[in-house]
1. Just wondering, is there one or more residues in the range B:285-297 that are more than 11 Å from chain A (Cβ to nearest Cβ), touching a His at 6+ places or on another chain (Cβ under 7 Å) and either surrounded by fewer than 24 Cβ atoms within 10 Å (Cβ to Cβ) or touching a residue at least 40 places away in the same chain (Cβ under 8 Å) (or both)?
2. Kindly indicate whether any position in the range A:196-210 is small (Gly, Ala, Ser), crowded, with 20+ Cβ neighbours inside 10 Å and more than 11 Å from the chain's Cα centre (by Cα).
3. Is it the case, given these coordinates, that A:LEU54 is at negative phi, buried (at least 19 other Cβ atoms within 10 Å of the Cβ) and touching a Pro at 6+ places or on another chain (Cβ under 8 Å)?
4. Within the range A:82-117, work out how many residues are more than 15 Å from B:ASN240 (Cβ to Cβ) and within 18 Å of the chain's Cα centre (by Cα).
5. Cβ contacts < 6 Å: first residue under 27 Å from B:ASP87 (Cα atoms), restricted to the range A:57-83; second residue acidic (Asp, Glu) and assigned to a loop (DSSP other than H, G, I, E, B), any location; separation 6+ or different chain. Result?
6. Given the options B:ILE109, B:ILE69, name the one that is in contact with a strand residue (DSSP E or B) (Cβ under 9 Å, 6 or more places away or on another chain), under 30 Å from A:SER213 (Cβ atoms), at pLDDT 95 or above and more than 10 Å from every other protein chain (Cβ to nearest Cβ).
7. Of all residues in the range B:298-333 being more than 14 Å from B:ALA155 (Cα to Cα) and touching a Lys or Arg at 6+ places or on another chain (Cβ under 6 Å), which is surrounded by the most Cβ atoms within 10 Å (Cβ to Cβ)?
8. Using the structure shown, decide if A:THR264 is polar (S, T, N, Q), free of Cβ contacts under 8 Å to residues at least 24 places away in the same chain and under 24 Å from A:ASP289 (Cβ atoms).
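The values are calculated or read from the model by the stated rules, or taken from the named source; none is laboratory data. Note that this is a predicted model, so its numbers are computed, not measured. In this analysis, Cβ positions are derived from the backbone assuming ideal geometry, glycine residues included, and neighbour counts consider all displayed protein chains.
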Number of protein chains: 2
Amino acid sequence: MSKYWSPLAASLVPYVPGEQPKDKKYIKLNTNENPYPPSPKVLEAIREAANADLRLYPDPTCDALVRKIADYYGVRPEQVFVGNGSDEVLAFAFGAFFDPADPILFPDITYSFYKVYAEFFGLKAELIPLDERFEVPFELFDRENGGIVLPNPNAPTAILAPLDAFRGLLARNPDHVVMIDEAYIDFGGQSAVELVKEFPNALVVQTLSKSRSLAGIRVGFAIGSEELIEGLNRVKNSFNSYTLDRVALAAAIASFDDEVYFRTTTERVILTREAASDKLRQMGFEVTDSRANFVFISHPAIAAKTLFEQLREKGILVRYFNQPRIDNHLRVSIGTDEEMDAFLTALQEIVAARR
Amino acid sequence: MSKYWSPLAASLVPYVPGEQPKDKKYIKLNTNENPYPPSPKVLEAIREAANADLRLYPDPTCDALVRKIADYYGVRPEQVFVGNGSDEVLAFAFGAFFDPADPILFPDITYSFYKVYAEFFGLKAELIPLDERFEVPFELFDRENGGIVLPNPNAPTAILAPLDAFRGLLARNPDHVVMIDEAYIDFGGQSAVELVKEFPNALVVQTLSKSRSLAGIRVGFAIGSEELIEGLNRVKNSFNSYTLDRVALAAAIASFDDEVYFRTTTERVILTREAASDKLRQMGFEVTDSRANFVFISHPAIAAKTLFEQLREKGILVRYFNQPRIDNHLRVSIGTDEEMDAFLTALQEIVAARR
């Protein structure tokens, strides 16, 4: 605490990202990174962007990337907003659309940054409990609100909700924005982008960090009605004119140009996830039906915290959340087949040693 | 206007950056970019960073770059904060330190983003008029305030204030943060970084966009006491965990490793500025004493708006501000000697045609 901090800075409880340890080499299954490198075309585009033009500001409206994403999803460029990772896009959206007068609704178990954004913008948050199967109880969102955020699939539960549930929610909340955070949608879900054409209050947020293997480059985007995109641009342009640098723009554009690579690597992650889920169930774990690039697991006899610590000792990092309702679960990112074999072998050893 | 916009989004008046026209090739002297490319070592570092590791998140605390900057300026790593361009650093600083209870002070003629940041964070702003020579009247800043922002050199005036004036201001405001925006300091000014060692309320903000030719990469930083840096990190980590991507980090580090290139290119810009200033004065222009990479000029007989428009027709872009007190001035970035010759020749033609 410092006398120089504003009331805002003093009151904030910052988000804590998954650890990025520097002490030794781990098998990293803790931050939902893609096990496969970015497309070779992306790497080539970055090398080409390493030129004298870097002395010049990037395009503040990111037109080329916006058009590329609009074409890819079949929407107009005026319906696309891009930012420095989907975290930044989400932050701008909390500022642009959510009304401090009424509570913002999101699940009790979800991406923990949502409540930090709410604090940042002076918003009240109301947490809606997931049901006992960790599914989103859409009917409980039918209450007074200043806006709604829902990830699909949800994290860390990995569970996908059907598009019709979102359609109903959007129809029943015509005066408020419903934000659908699709960070993991490319691993087997159906995107709500099609709902954007029906509902002016739908905002779909995605990222290139997971399915496009570009966590290290920081590009996210939102698709919505023109009035929502204009609102995002108003907030962004009151904060930072140039959020995406020239290299990131080039990399992101190249990523959308290599559809075969994208399909191949996401499909591979899905196959590995399904195989790992099967083996985990055979080992006695409860495993939710994942449509993401991670699995959410618990063991009936061994505490998640114990598993987390013993895996760490064996050089394998997974994510443990010390919070109510999920403190006996682990979130495990899907690595390569080899990494998952190493993880499953280590887990088998830990389970066997406890018998 | 949309019913979905928050009160914040509806009230904002976003910043408008200098134009980045796409219609044709201009001699661009309007956004204070460096005429020289980034160091070849920077470009090489970017090419090397184009590798499989881009699938992984960057270091959220940017340790390697923070240490590099700390070493360069002779401060501790705990005294350095880095961000996605100095605009983002300034935005976080407005949020972290400025008190909504009292007005934030900055000059009436200065970087126009300051008043946008103030609105974004719900702060009151009080504009202190520069004197008739466009110098900062430091004594007028001795009034109740919730914080002070001053650029040095100021923009668009290009005028440098002496470090002792800042020392006095810091000493007379022990309870409030004084932010010194040194975007242009490397072109002939003396940095206030040394004051950070004396004053816990001093925050110095710099950018790699101008003197290090990296406007296209978006890296800025702040140096201050540990408590100020902690405040910045609290706000940043409540907004976006990963503001700097892996490529930008690599580029920024390499930039600080090539001191010879940095010195050579900034010195060249200074020499070109001095030569251009002399010629402009010979042509009858009033030219402030610039310590930046731009000059601030006016002609006794020809309106700045006319000059701006006629230069544009001749393919040369400069910055014209349609605002009180400076609407008869132009801000002209320092280009290469060849670009400045083209600018001066065009200007000469315009002046001659009016006689």
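1. Among the residues of the range B:285-297, at least one is more than 11 Å from chain A (Cβ to nearest Cβ), touching a His at 6+ places or on another chain (Cβ under 7 Å) and either surrounded by fewer than 24 Cβ atoms within 10 Å (Cβ to Cβ) or touching a residue at least 40 places away in the same chain (Cβ under 8 Å) (or both), which makes the answer yes.
2. yes
3. Spelling it out, A:LEU54 is indeed at negative phi, buried (at least 19 other Cβ atoms within 10 Å of the Cβ) and touching a Pro at 6+ places or on another chain (Cβ under 8 Å).
4. 7
5. Hits for this filter: A:PRO58/A:ASP245.
6. Matching residue, one of B:ILE109, B:ILE69: B:ILE69.
7. B:LEU317
8. yes
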